[in-house]
1. What ranking, highest mean first, results for peptides 427-439, 176-188, 195-207 when packing means the other Cβ atoms within 10 Å averaged over each residue?
2. Could you run the Karplus curve 6.51 cos²θ - 1.76 cosθ + 1.60 with θ = phi - 60° over segment 333-347 and give me ³J(HN,Hα) per residue in whole Hz, x for Gly and Pro?
3. Could you tell me the center-to-center distance, by alpha carbons, between segment 328-366 and segment 367-402 in angstrom?
4. Provide 277, 120 in ascending order of the number of other Cβ atoms located within 10 Å of each residue's Cβ, fewest first.
5. If each residue's Cβ is checked for other Cβ atoms within 10 Å, how do 281, 256 rank with the fewest at the top?
6. For segment 328-430, build the charge dipole from Cβ charges (+1 Lys, Arg; -1 Asp, Glu) around the Cα centre, then report which of 429, 362, 333 sits farthest towards its positive end.
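Please treat every number below as a calculation from the coordinates, not as lab data. Please read all numbers here as calculations on a predicted model, not as lab measurements. All Cβ positions, glycine included, derive from the backbone under ideal geometry; neighbour counts span all protein chains shown.
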Amino acid sequence: MRQNTFIRLLITLLLLVVSAYIVLPTPKPDFVKNLVFWQEVRGRDLQIKQGLDLKGGLQVLLASNLPGGAQPTPEQMESARRIIEDRVNGLGVAEPIIQQQGEDRILVELPGVTDRNLAIDLIKQTGQLEFVDAGFNPLPEGTLISTTYSLYGGLLFPNTLPTGKPIDESLHAGNQVYKTAFTGDILESATPGLDSLGRNVVNFTIKPQFQEDFRRYTGEKLNQAMCIVLDQRVISCPTIRAVLSADGSISGNFTRDGANNLALVLSYGSLPVPLTIETTRDIGATLGADSIRRSLVAGAIALIGMIVFMITRYRLPGVLSAFTLVFFMLVSLALFVLIPVTLTLPGIAGFLLSVATAVDANVLIFERFREELRGGRTMRAAVEAAFQRAWPSIRDSNISTLITCAILFVFGNTFGASAVRGFAITLSLGIIVSLFSSMFVTRTLMRITFSEQAETIEARRAVLLGV
């Protein structure tokens, strides 16, 4: 039993030290950053993210732009909203707000955006990818072209429309129409990467049902140009040097962010309706640095007040609860950094509410501990009985709260209420950490403090003092 308690104490201290190291605003060496595998993917620092109300960001209002002023259907707008949300989430923007405004507009709010032009391009891009036959004349990057898919809505491999009729290119009065071989629908996945020369590219894989057609096409078009066209603009126009079937890459004059954005657009599909930017504006933090500082001061005062109350009311167990409370806050904040969780004002409210549940669990344990001591149990036996009998109440109350958090999360995720979703996330994480703190950390500390060697009349009176 002593060895088990010692191991639990080492785990507690290790978690405490690691959490404090993560949370404290000190420069982190590379080997620490590399321990978190998504650190490199997101390209972020180990620090707490702030939401739009705390940090500010970018607001973009998009409007549909269908030909002839046609109105989009509710299904098209909802599909466009979800695709934009997927793109923004893949970009790593924390706690975005993407919601429909009226019948034909979508409002996008992006907290902490650093490159507004890239974000805007990613949001509004229709995302229609085409593999176009350019023959033996590669087209320069950036060229705006007409394709059989954009004009006729159909592919041209073989050289006929979906109706079976051949293309009549003379209808376009001298403007060349390039033949679309495939669209982006054949792609199974797309990821940013580097080629053998260290240049940014987008690697893609072909869906199994299209691999034979892709292999046949590239075999017939060896040494000819196959342009990669996005929204009728040429991204790159490589020459087919070998027969391809299952995978390939899109090369061009990409930056790292540009390749990542293109991969996101291809991964999450094209928008069902074209969108134009109606307004854009930068949003300042609604709380401001001074309000954040005051909130931190108020939180510190509340924490000190709870610690003073617990020590005054429960004496030595209250001192242990103060340590547990500090442990709970550091571990929770470390999780917010690592996941990462974006702290907004509702998120902070959820976190502070979880602090109250952590204190409540300790109160239940300490009261049961006193009752067991009054019943004549030894201190060690009283500790075990206190946790065993307090656990059902702690378990049921926390499960009911987690169920409520799940409902709030689903509601926020369904209706685009990111503030509600953020509140649910921070509260649920706090509940889980508080359960661990009370049932693991507090128990370990009480086992060490109230061991059989501490069984004296004076020690028993010290615990019961103030009843």
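1. By packing density, highest mean first, the sequence is 427-439, 176-188, 195-207.
2. Karplus-based 3J(HN,Hα) across segment 333-347 equals 5, 5, 5, 4, 6, 6, 5, x, 10, 8, 8, 10, 4, x, x Hz.
3. After rounding, the separation between the Cα centres reads 22 Å.
4. 277, 120
5. Arranged by neighbour count, lowest to highest, 281, 256 become 281, 256.
6. Positive-most Cα among the choices belongs to 362.
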